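Accompanying notes for the structure given below.
The values are calculated or read from the model by the stated rules, or taken from the named source; none is laboratory data. Remember, predicted model here, so these are calculated numbers, not experimental data. Here the Cβ positions follow ideal geometry from the backbone for every residue, glycine too, while neighbour counts run over all protein chains shown. What goes into the accessible areas is simple: the full protein's heavy atoms, side chains included, and nothing from ligands, DNA or RNA. Shrake-Rupley method; radii C 1.70, N 1.55, O 1.52, S 1.80 Å.
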Amino acid sequence: MKRKVLVSGASIAGPALAYWLHRHGFEVTVVEKADAIRSGGYPIDIRGTALDVVRRMGVLPQLREAHVDTRKITFLHADGKPVHAMRPETLTGGVDGRDLEVRRQDLAYILYGTVRDDVEFLFSDSIATLHDHDGGVDVTFDSGTRRTFDLVVGADGIHSNTRRLAFGPEEDYHHYLGCSFAGFSMANELGLSREGLCWNTPGRNAVLYGIKDSDDVLAIMTFYQEEPPLRAFRDPRAQCDLVASVFADDQWEIPRLLAAMRTADDLFFDVGGQIHMPQWSNGRVALVGDAAYAPSFFSGQGTSIALVGAYLLAGELATRPDHTAAFAAYDEAARKFVESNQALAFSGRASLLPRTAEDLALRNQALLGPSLPSGDEGRAVNSSLRLPDYP
Ligand SMILES: Cc1cc2nc3c(=O)[nH]c(=O)nc-3n(C[C@H](O)[C@H](O)[C@H](O)COP(=O)(O)OP(=O)(O)OC[C@H]3O[C@@H](n4cnc5c(N)ncnc54)[C@H](O)[C@@H]3O)c2cc1C
């Protein structure tokens, strides 16, 4: 009989895992709390080992078509004058012409398309309780439905519900990176096309991102905060007030960004953080992607390690009938790669968000060199794992 797996979350890790599990002969159900594949999100990168995963899934041509092909990032002084312009690869350690940069929603739809006819999707629902026993995992959904699965995998993001149910509260695993950010879209009044602007003052940055030839740009404002601003999480107005107080000066386009933030209908606010766990499974429940090892956007590798993790987890489950052995093998196969990619967040943060005036001056000096430390480090790490072949 086919082993039944419930996957929670249908963004990147969830559908990728569902694809590989289905291909290895599992019966897969995916539950997603949104009522459809969620739209939104700025471009995410697929590079290094993860390119091999999407090639093996057969979606490389579709992804090449969706590639947004950003050609230039210009770093700006506080007054808006350019420090230096560069290819994005210099910052990220990517390879021009090979790496992919795709809107998150496009990637999610493409991955969903690979399994939508083969896998059961339950939208507008979520796992309410999990009861793990010798014979399987009894699951109650928010909708009231009860079912039993052989295994459950949480692919439900950095604030994972499955992790909370099976491993305990987020505070036990979340590592705050000392900063918060707000992202939103606004009118492309500067006429940016396939390019980004990165404005910095010590401890603050504001990025404007013109994706392809869109009428909108994505704005992301990031800033240091000693303590995570927990109060702001409950209240979008408090989020806007906090960002406005941190960026309370009249420099460059900042006043226009703040005004656009207050009226944006897609405001997204979160802290920069990572998930670190001593193990990614507990009994018959495992985690993949951001739920298990979110590296933060500073690493630029969240999507890539989610794709690689999904491939490895499904492959190990397929080759080992005992799930405990399979989960241990998944950990063994992925951990070094995952942790070295998570570590990229620190050089990424130093490049994107220098904290002091001295750090900023050093970063600006480094921009004029052949590459940035984050780029050199990233290049070695993002392809440091060779995918095993599973039957
Ligand atoms: C709307 C959105 C926008 C994003 N924007 C960006 C971005 O712009 N840039 C970037 O680098 N990364 C972004 N990310 C994160 C990025 O997708 C991940 O870092 C990476 O791709 C790993 O993906 P993941 O599938 O592990 O997690 P995620 O992409 O976070 O997906 C988690 C999925 O689980 C679902 N989910 C959450 N809770 C439950 C629940 N209780 N029950 C069922 N399903 C649940 C969510 O709706 C989501 O579909 C975004 C994620 C989302 C969901």
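The number of residues in region 167-202 that are touching a Gly at 6+ places or on another chain (Cβ under 7 Å), open to solvent by 20 Å² or more (accessible area, probe 1.4 Å), farther than 14 Å from residue 214 by Cα and of a type outside the set (Phe, Trp, Tyr) comes to 2.
For region 32-50, indicate whether the set of residues that are of a type outside the set (Asp, Glu), more than 14 Å from the ligand (Cβ to nearest atom) and in contact with a helix residue (DSSP H, G or I) (Cβ under 8 Å, 6 or more places away or on another chain) is non-empty. Taking every residue of region 32-50 in turn, at least one turns out to be of a type outside the set (Asp, Glu), more than 14 Å from the ligand (Cβ to nearest atom) and in contact with a helix residue (DSSP H, G or I) (Cβ under 8 Å, 6 or more places away or on another chain). Looking only at residues in region 228-246 that are open to solvent by 60 Å² or more (accessible area, probe 1.4 Å) and of a type outside the set (D, E, K, R), the one that is nearest to residue 173 (Cα to Cα) is 230.
Looking only at region 309-323, which residues are modelled with pLDDT of 95 or more and away from the ligand (no atom under 11 Å from the Cβ)? Selection gives 311, 312, 313, 314, 315, 316, 317, 318, 319, 320, 322, 323. Across region 182-221, the qualifying residues are those that are of a type in the set (Val, Ile, Thr), part of a strand (DSSP E or B) and within 14 Å of the ligand (Cβ to nearest atom), and the one among them that is nearest to residue 65 (Cα to Cα) is 217.
For region 129-164, the candidate set comprises residues that are within 13 Å of the ligand (Cβ to nearest atom) and open to solvent by 60 Å² or more (accessible area, probe 1.4 Å); within that set, the residue that is nearest to residue 225 (Cα to Cα) is 159.
When you look at residue 101, is it in contact with an Asp or Glu (Cβ under 7 Å, 6 or more places away or on another chain), within 16 Å of the ligand (Cβ to nearest atom) and not in a loop (DSSP other than H, G, I, E, B), yes or no?
Yes, satisfied.
Applying the set (1) over 18 Å from residue 349 (Cβ atoms); (2) away from the ligand (no atom under 16 Å from the Cβ); (3) surrounded by fewer than 19 Cβ atoms within 10 Å (Cβ to Cβ) to residue 225 leaves exactly one unmet item: (1).
The residue that is nearest to the ligand (Cβ to nearest atom), counting only those in region 282-305 that are crowded, with 24+ Cβ neighbours inside 10 Å and more than 14 Å from the chain's Cα centre (by Cα), is 287.
For residue 369, are the conditions met, namely being modelled with pLDDT under 95, closer than 24 Å to residue 82 by Cα and out of contact with any Phe, Trp or Tyr (no Cβ under 7 Å at 6 or more places or on another chain)? For residue 369, the condition - modelled with pLDDT under 95, closer than 24 Å to residue 82 by Cα and out of contact with any Phe, Trp or Tyr (no Cβ under 7 Å at 6 or more places or on another chain) - is met.
Within region 306-341, being among the aliphatic types (A, V, I, L, M) and either under 17 Å from the mean Cα position of the chain (by Cα) or closer than 15 Å to residue 277 by Cβ (or both) holds for 306, 307, 308, 310, 313, 328, 334, 338. Look through region 247-269, keep the residues that are part of a loop (DSSP other than H, G, I, E, B) and within 16 Å of the ligand (Cβ to nearest atom), and return whichever of them is most open to solvent (accessible area, probe 1.4 Å). Ranking the qualifying residues of region 247-269, first place goes to 265.
Being at pLDDT 95 or above, within 10 Å of the ligand (Cβ to nearest atom) and among the β-branched types (Val, Ile, Thr) is a description that does not apply to residue 59. A search for C-beta distances below 7 Å between a residue of region 270-291 that is under 14 Å from residue 165 (Cβ atoms) and any residue that is within 10 Å of the ligand (Cβ to nearest atom) and among the hydroxyl-bearing types (Ser, Thr, Tyr), counting only pairs 6+ apart in sequence or on different chains, returns 285/162; 287/160; 287/162; 291/160; 291/162.
Those helices (runs of 4 or more DSSP H) of region 308-391 in which at least 2 residues are surrounded by 17 or more Cβ atoms within 10 Å (Cβ to Cβ) and among the polar types (S, T, N, Q), considering only elements entirely within it, cover 323-352, 373-382. The set of residues from region 1-18 being touching a Leu at 6+ places or on another chain (Cβ under 7 Å) and within 14 Å of the ligand (Cβ to nearest atom) comprises 7, 12, 15, 16, 17.
For every residue, the table says whether it meets (1) free of Cβ contacts under 8 Å to residues at least 40 places away in the same chain; (2) part of a strand (DSSP E or B); (3) in contact with a Leu (Cβ under 7 Å, 6 or more places away or on another chain).
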| position | (1), (2), (3) |
| --- | --- |
| 90 | no, no, yes |
| 95 | no, no, no |
| 106 | no, no, no |
| 110 | no, no, yes |
| 117 | yes, no, no |
| 132 | no, yes, no |
| 139 | no, yes, yes |
| 143 | yes, no, no |
| 147 | no, yes, no |
